[in-house]
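Presented below is the structure to which this report refers.
Values quoted throughout were computed directly from the atomic coordinates according to the rules given, and no laboratory measurement underlies them. None of the values given here were measured: they were computed from a predicted structure. Please note: Cβ atoms are built from the backbone with ideal geometry, for glycine as well, and neighbour counts cover all protein chains shown.
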Amino acid sequence: MVLNTSRNKEKNEIEEKNNISQKINNSGDDIVIETVKLNLWYDDNHVLKDINLKFKKNKITAIIGPSGCGKSTLIRCFNRMNDVIEGCKIEGKVLFNGENLYDKNADVRLNRKKIGMIFQKPNPFPMSIIDNMTYGPKIHKVEDPKTLEKIAEKCLNRAVLWDEVNDRLEESAMSLSGGQQQRLCIARALSVEPEILLMDEPTASLDPIATQKIEELILELKHEWTVIIVTHNMQQAARISDYTAFMYLGELIEYGDTTQIFEKPQQKLTENYITGRFG
Amino acid sequence: MASETSLEEKFFIEQFKPIELKDRDKQIKILLFVFASLATIFVFLIIVFLFSSGLSFFGEVPLTDFLFGTNWYPSAGFFGAAPIIIGTFLVTFGAIIIAVPLGLATAIFIAEIAPPKIRKILKLSVEILAGIPSIVYGFFGIMFLNRFLRDLFGLSHGNMWLSGSLILAVMSLPTIVSVCEDAIRAVPNLYRDASYAMGATKWQTIRKVVLPAAISGITAAIILGMGRALGETMAMMLVIGNCKIFPEPITNLFSCIAVITSTIGLGFGPTEKGSIEQRSLIALGIVLFIITLLINILSNIILTRIKKKFTGDVKKRRVKKLQKSIFFIELKQFYQRYKKLITRGLILFFIGWVLYTWIGLLYSLLICLGLIGAIYGIKRLSTVHQQRFWHTIILVSSIFSVFIVGLIISYIVINGLPAFLKPGFLTDYPRDAGREGGILPAIIGTLQLTLGSIAFALLFGIPAGIYLSEYAKENKITKIIRAGIDNLNGTPSIVFALFGVVFFVYPLTTAFGWGRSLLAGILTLGLMILPTIIRTTEEAVKAIPQPFREGSLALGSSKWQGISKIVIPAAIPGIVTGSVLSMGRSAGETAPVMFTACLASSRFISFSLIEPVMALTYHLYRLSGDVAGALENAAGTALALLLIVLILYGIAFVIRNRYEKKKQW
């Protein structure tokens, strides 16, 4: 009996997932990133299980779930940052504009340039602000000082940081406040002209006011970029995202419109998480 | 029932006397403080002793004559130390130029590129290199390197600047590699992630993010390597020829040359107590001491700045100061813009000039043009090819480092084995000045000196270490004590030798007529390893988690009870590891025992503290320097010495590993 019910449950879940992907499929064809049966192991630890997800262009998609559910690991798959970790094994596909990122011939560095990332802890390099801003263009062979300056100014402006730092570009980036540092990191990510921005709990180490500024910035960025944000903070997901994916123990449980997920979750697990019964 | 409980209660009340315990705590604290201060007092004694002898010397010979005079001939009354001081810098400079690129490349390979297994092998090789006693390097230098270079360049002899720099480069390599590696590892992974996430290659990340972030640590590594090279005595006494002249031209690597340490080491033996010749050598010691003191202070400042770098605003203030004048801003902007060009130009000019003095203008220009071409050629390469190019260079450098270790070890083993396998080599007395017979008295002497010195150092070092970690408040006195200990740590062994003679040998001779003695040697060596013991004790005790202490205090124990019953037992493996490492260092030292404990004529075993002894290191020095035709036995002695030292290091390694595995917190 027990076995049967659990099997039924599984079936239901699989059907549900198919529904999800169909739903998103039907809702439009401007998909920038799509994962197909994505599985990931750290040594023997099965961290991501058969993830099928589609991310829409110029939208903010939030990935939520309790700690250790694999949400950070998932977005690190999109720019292949997991390659750096020893003992990491990946199966399945991640399609970026229709091309598999894990293809043998894929240019990892070019794709990383196109898919920028913001990390949990602000990590400006311990150099001057301007050096932080020109680092990216320089490694991609932009050498003209005038161009570099222009890029820096443009991106700092977009990250709403220019007015605060334009008179002290030569100072160490470490002298900025935490929120400023994170905005600098966003500006730095923009400096190599990405199409997508991955954000791994970008406000986790910031105070509420700095968090609010970053959130406003993310909403602003949506017009030109696709944003995928991992967050611990459910209110944040509800506030800023268009779509929300809920993950639990390495599986995608539910994916849909943010309003739908928060108001009418279809899965019991999602409901329990959102209403704070665990997490 | 009721009576039993009351009995127990009574039992407790009688035993528990908190006030007495508190008093004892205070007494113990004072006692430990005295021990901790002793180390500092020794530093001050060394400084006072050096400068008092120096002052009387400079009363007779003007300072300017000493520093700028070019003629050094003490027995004839000429005390111009300029060739020696310049020589010291030249040899050190040559060593650093070789060792820094090699060491940095090896460190990058170990920290960033190598797979874990290869990393272990490399680290082990570097540690072995650090463990080889300096006299063994000297032996290798004079027997192999000098002859090899002589034949390679077709010279009449190989005692020259180049040999000295090469040997010193190898000797300072371990310091540079390990400090650089630590600095590179200290760079948080966050920065690497950020760089990779923007599409940088591994090499771009290393070159543009990791190395700039680690630059202060790398600077400290270079400075510490210089300190190591400057203070080296025994190898220099053997390989550089010790002519107090300027190389002609000044870049002539084949010139015979002298350094401060070798001049003291070779000259001090025959001088008479208090004579002007002796005091002139002590004056040289002052110069060396001041140089190493500056180096220590500088590297300490830099290393403490690293910690601030990743957290706070180091640069901020400086910028504001400079902003006062527009001229400065412009100058700075000009420098910022052309920084790369200026530094590269200067380096290129230097290389060109050196080449010019060697091979003439035409070839020098050609080579420089070739270099410029090569730099631009590399820049034109695609990022992937650039990465491949630099990774190849780093790999080759690392392989070369391992090759050096292999070369030295195999040379010693191959040449030492015949003597080693001779019947009685380890159990016989030396005959014919050491050419024949065995090395038993030297082995016994080395053991006596090593055990004695470690006993002395533990006696003073452990209480001092415990005081510093458990009781010391971070105030001025603690700072002074720490600075004293650190500086004692960086002081060259030849300075300890001078101190040992004047402070232990002479007073003991005046008082009891002992002359050189085992006791004086033990005290000198013990003083030398004292700072290491203090530091390792401090670190080991600090590593014990705070809850252990709190758990003990919460039961009503006194502070000292908690420390003595809980903390120290848990810290013992760490302390033992440090002690065994120090024993290895003590067994491999020559300079401190050369004038204090060893006599060339002591060929027999003595178990008396007041008799002179023979030590393996000094025996090896005599066989490779003074006694001709003793290659076989010298190599055997080198092998024996190497074995003792490496076995001690091996033991320390095993203890550390087992302890790490067993550790349960």
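Numbers at a glance
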item	result
Angstrom value of the Kirkwood radius, inverse mean 1/r, which spans all Cα pairs in the protein assembly as shown	32.6 Å
Efficiency of FRET from Cβ geometry, A:GLN266 and A:GLN212, R₀ 25 Å, rounded to 0.05	0.20
Separation between Cα centres of the stretch A:73-87 and the stretch B:143-180, rounded to whole Å	47 Å
Phi-based couplings in Hz for the stretch B:614-624 (Karplus 6.51, -1.76, 1.60; Gly and Pro marked x)	9, 10, 4, 4, 5, 4, 5, 4, 5, 5, 8
Leading residue at positive end of dipole, chain A (Cβ point charges), from A:LEU48, A:THR203, A:ASN233	A:LEU48
Förster radius 22 Å - calculated FRET efficiency between B:LYS120 and B:LEU395 (Cβ-Cβ, nearest 0.05)	0.85
DSSP loop trypsin sites (Lys or Arg not before Pro) with at most 14 other Cβ within 10 Å excluded, longest remaining stretch of chain A	A:142-276
Estimated inter-spin distance, A:LYS104 and A:SER177, nm [label 7 Å along Cα→Cβ]	5.3 nm
Only Lys, Arg (+1) and Asp, Glu (-1) charged, at Cβ; the stretch A:2-274 dipole about Cα centre in debye	460 debye
Residues B:VAL593, A:VAL32 arranged by fewest to most Cβ contacts within 10 Å	A:VAL32, B:VAL593
Local electrostatic count, B:ALA597, Cβ distance below 15 Å [Lys/Arg +1, Asp/Glu -1]	+1
Selected from B:THR175, A:CYS155, B:THR596, residue furthest toward positive end of dipole (the protein assembly as shown; charges at beta carbon)	A:CYS155
DSSP-defined beta bridges in the protein assembly as shown - what % are antiparallel, rounded to 5	60 percent
Long-range amide H partners of B:GLU436 with built H, under 5 Å	B:ARG431
Dipole moment magnitude, nearest 20 debye, chain B about Cα centre, only Lys, Arg, Asp, Glu C-beta charged	2960 debye
Inter-chain Cβ neighbour average for residues B:199-210, partner chain, 10 Å	4
Low-density loop cleavage sites - GluC sites (Glu not before Pro) in the stretch A:33-121, where at most 14 other Cβ are within 10 Å (DSSP)	A:GLU86
Simple spin-label estimate for A:ASP144 and A:LEU249 in nanometres, 7 Å along Cα-Cβ	5.8 nm
Where Rh is the Kirkwood radius over Cα pairs, Rg/Rh for the stretch B:534-597	1.23
For residues of A:122-129, the mean tally of beta carbons on other chains within 10 Å	6
About the Cα centre, charge dipole magnitude for the protein assembly as shown (Lys/Arg +1, Asp/Glu -1 at Cβ), debye	920 debye
For chain B, cysteines whose Cβ has no other cysteine Cβ within reach (under 4.7 Å)	B:CYS180, B:CYS368, B:CYS598
Cβ-based exposure ranking for B:TYR411, B:TYR506, B:TYR621, in which fewest neighbours within 10 Å come first	B:TYR506, B:TYR411, B:TYR621
Computed [θ] at 222 nm, helices only, for chain A once each DSSP H run of length n ≥ 4 contributes -39500 (n - 2.57)	-12500 deg cm²/dmol
Sum of -39500 (n - 2.57) over DSSP H runs of 4+, divided by residues of chain B (222 nm, nearest 500)	-24500 deg cm²/dmol
Vicinal HN-Hα couplings computed from phi for the stretch B:339-356 (Karplus, 6.51 cos²θ - 1.76 cosθ + 1.60; Hz; Gly/Pro x)	3, 4, 4, 5, 4, 5, x, 4, 4, 5, 4, 4, 4, x, 5, 4, 4, 4
Spin-label pair B:LYS476/B:ALA374, simplified geometry with 7 Å Cα→Cβ offset, distance in nm	5.5 nm
Whole-Å distance, taken between Cα centres, linking the stretch B:40-97 and the stretch B:212-243	19 Å
Theoretical gain in end-to-end length, B:SER608 to B:PHE148 [0.36 nm per residue, Cα-Cα removed]	161.3 nm
Residues with amide H under 5 Å from that of A:ALA204, placed H, sequence gap 5 or more	none
Where GluC sites (Glu not before Pro) in DSSP loops with at most 15 other Cβ within 10 Å are excluded, longest remaining stretch of chain B	B:1-271
The stretch B:259-285 versus the stretch A:166-205: alpha-carbon centroid distance in Å	61 Å
Label zone at A:ASN97 (point 7 Å along Cα-to-Cβ), backbone N below 14 Å, the stretch A:43-85	A:57-58
Sorted by Cβ neighbour density within 10 Å, fewest at the top, the residues B:PHE33, B:PHE403	B:PHE403, B:PHE33
Within the stretch B:635-664: backbone nitrogen closer than 13 Å to the B:LEU447 label point (7 Å, Cα to C-beta)	B:644
Sites B:TYR73 and B:GLU272, calculated FRET efficiency, Cβ-Cβ separation with R0 25 Å, nearest 0.05	0.90
